[in-house]
Amino acid sequence: GTPSGSKNLPKGARIVMKEKDQRNLKETLWYADALINFASTMIIEACIFNTPTVSIGFPRAQRPLIDVEVTRDVVALSGEPVAESFEELLAHVNHFLTTEQTDGDIERDRRTVEEFVQFTDGRSWERTVEFIDSIIRKTTT
C-alpha cells in the first residue's frame, strides 16, 4: 500500500479508494453491531448506518487526540461514549450487543449526519481529492 502522510507520496500521486474498498467499508458499517474507534470521524459514518460507536479514550497520554476540535464536536453531538479504560470499553460494547437502539439514539445519529455530512453518496472522498488537487494546480502554475 501507499505510505500514509503526504510527505511520503511521490509528486503527482493520487490516493484513490477502490470501489471494492468503499463497498467493504459500507457493508462493515451496515452489518456491524458496534464500532470501536480512536479519535476518528468514522463516528459520523457510523451514524449514517445507525451503528453505535465507542471511542477509546485511553491510555491517558492519548486522550488529547480525542479533544481535537472536530473529534470533540462529533463525540459531543453524537452522544457516543468515550471509554476511559479497557473495562469501560467492554461495558459499552456489551451494552451495544445486548440493548436495542432507542428512537433517541437514532434521532441523535440523524442530527449528527445532518450537521456534519453534506452528501451521503459515498463520494465525498472524490470531491475532497478533486478540491485539494485544484488547489495544488493553482499554486503550482
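The numbers here are math on the coordinates, done by the rules we state, and not lab data. Being a predicted model, the structure only gives us computed values, none of them experimental. Please note: Cβ atoms are built from the backbone with ideal geometry, for glycine as well, and neighbour counts cover all protein chains shown.
Apply 1/(1 + (r/R0)^6) to the Cβ-Cβ distance of L25 and F131, taking R0 = 25 Å, and write down the FRET efficiency to the nearest 0.05. Spell out each step's value before the answer.
Working: r = 21 Å, r/R0 = 0.83.
E(calc), rounded to 0.05, equals 0.75.
What fraction, in whole percent, of alpha-carbon pairs in segment 42-119 exceed 16 Å separation? If you can, show how the numbers build up before the last one.
Working: 1527 of 3003 pairs.
Summing the P(r) of segment 42-119 above 16 Å gives 51 percent of all pairs.
Taking Cα atoms, how many degrees apart are the long axis of helix 69-78 and the longest axis of the chain, rounded to 10 and kept between 0 and 90?
Approximately 40 degrees, to the nearest 10.
Out of residues 5 or more away from F38 or on other chains, whose amide H comes under 5 Å of its own, with H placed 1.01 Å from N in the peptide plane?
Excluding prolines and chain starts, which carry no amide H, the hits are I56.
Scaled to the compact-protein estimate 2.2 N^0.38 Å, what is the alpha-carbon radius of gyration of the chain, rounded to two decimal places? Spell out each step's value before the answer.
On the way: Rg = 17.2 Å, N = 141, 2.2 N^0.38 = 14.4 Å.
Against the compact-globule rule of thumb, the ratio is 1.19.
For an R0 of 22 angstrom, estimate the FRET efficiency from the Cβ-Cβ distance between R60 and S124 and round to the nearest 0.05. Numbers along the way, then the final one.
Numbers: r = 33 Å, r/R0 = 1.50.
Step by step, r from the Cβ atoms, then E = 0.10.
Residue by residue through segment 102-119, what is 3J(HN,Hα) from phi via Karplus (6.51 cos²θ - 1.76 cosθ + 1.60, θ = phi - 60°)? Round to whole Hz and write x for glycine and proline.
Per residue, the Karplus-derived 3J(HN,Hα) values read 8, 4, x, 4, 5, 5, 4, 4, 4, 5, 4, 5, 4, 6, 10, 10, 7, 10 Hz.
Give a residue-ordered list of calculated ³J(HN,Hα) values for segment 135-140 (Karplus: 6.51 cos²θ - 1.76 cosθ + 1.60, θ = phi - 60°; whole Hz; x for Gly, Pro).
My calculation for segment 135-140 gives 5, 4, 4, 5, 7, 9 Hz in order.
So for each of 121-128, 49-56 I average, over its residues, the number of other beta carbons within 10 Å; can you give me the resulting order with the highest mean first? Mind showing how you got there, number by number?
Working: 121-128: 12.1, 49-56: 21.1.
Put in order of decreasing packing, that is 49-56, 121-128.
Long-range amide H contacts for V82: which residues qualify at under 5 Å (H placed 1.01 Å from N, peptide plane, sequence gap of 5 or more or a different chain)?
For V82, the qualifying residues are S55.
Count charges around F96 for me, please; just the other residues with Cβ under 12 Å from its Cβ, Lys/Arg as +1, Asp/Glu as -1.
-4
Note down the nm distance, to one decimal, between modelled labels 7 Å out along Cα→Cβ at E114 and at K11.
Result: 4.8 nm between the two label points.
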